[in-house]
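S.K.: Here it is: the structure, laid out below.
Here, each number is a calculation from the coordinates, and none is a lab measurement. Quick caveat, the model's predicted, so the values are computed rather than measured. As a convention, Cβ positions derive from the backbone with ideal geometry for all residues, glycine included, and neighbour counts pool all protein chains shown.
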Amino acid sequence: MPRVKGSPKKFVKSGSSANSNTWVFLMKGESLESSEGVHPDMVKLRHPASNQAAMFVFSPGDLTIQEVMTFDENKRSWFIDDNVRSDGKMHLSTPIDPIFLILPYLRKSQQVMPLEQCLRDEDYPETTRLVKCQSLKLSLVADRKGDESLQAFKYNEDKTLSWLRKKVERVAEIVRQKGIHVSQGAVSANYVKSSKYEGGTESEYMKYAHGIVAEYLAEDLSKKLHQYLNLPDDSEQKKRKLSSPKDATDEKRPKKEAQEESPRNGALDLTKPEKPPKTPTVSKKELARQKAAAGSKSITSFFKKK
């Protein structure tokens, strides 16, 4: 998704002693700090794609929300003040549109319901805080019913697919501007600095962007979006790659030529009569020479003892 512009900030949450639990974050966005010095709040919410627990960060006042991603490598530690933290994990938070987190609840209700009631989750009670997020335009994915103050909505799939299409197009445009390799072999090409890359096709950019957006969608909705965007089917391409060129050549060969070939390993086909060997042809000149030589003696016979 489009990222908030700004310099990364380090946020360290620690206890009074060196042995207390400590986390190190890299965050973006000026809204993560308030004038009173209140720190962001990290909570557990249900991930919209996996339906499993994931970590998110609410800014002060719950105005924005960011997703927390953890990078963990072996043999890494942190130096914090005068202490060494053996747990060298690095947490990076990136902005996420709260609609992605609300969408699964709207789809599940399938009826008109106040938003706060729709977001009630016994396993993740902090989900209701999404209501306070600024610029929350649910009319892009749902139909508003009743009075505006009631904030009652019903899921609309046509609106959702249209909204997701704009998200994919926006991501595709950013990927194009960044010069990211999206053609075949893009995984390895992204690690190679090259100024000769001319860019992929529009379909390749859209397919690549769809993969990014689909990381925040349920599997069935991701497939619907794939069809809505008229993207090429990966399964058909894989079938073409798996087909052997040798098999394709054998299909084009004439049947008569294939039948005339001898069986493998020199085995005879007993179902068919064996063809007689061809008699070599003799020229007229050779026949005349053989006739003239008939009855004549060999030159060696003159040197034998009588």
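S.K.: Compare the peptides 202-208, 104-110 by average per-residue count of other Cβ atoms within 10 angstrom and give them in order, highest first.
M.R.: 202-208, 104-110
S.K.: Just give me a number: lysine pairs in region 23-159, eight or more positions apart or cross-chain, with C-alpha atoms less than 27 Å apart.
M.R.: Total qualifying Lys-Lys pairs in region 23-159 comes to 24.
S.K.: Below 8 Å between Cα atoms, with a sequence gap of 6+, how large is the relative contact order for region 36-105 in percent?
M.R.: Answer for region 36-105 is 26 percent.
S.K.: Provide the packing ranking of 79-85, 215-221, i.e. peptides ordered by the mean count of other C-beta atoms within 10 Å per residue, highest first.
M.R.: The most tightly packed comes first, giving 215-221, 79-85.
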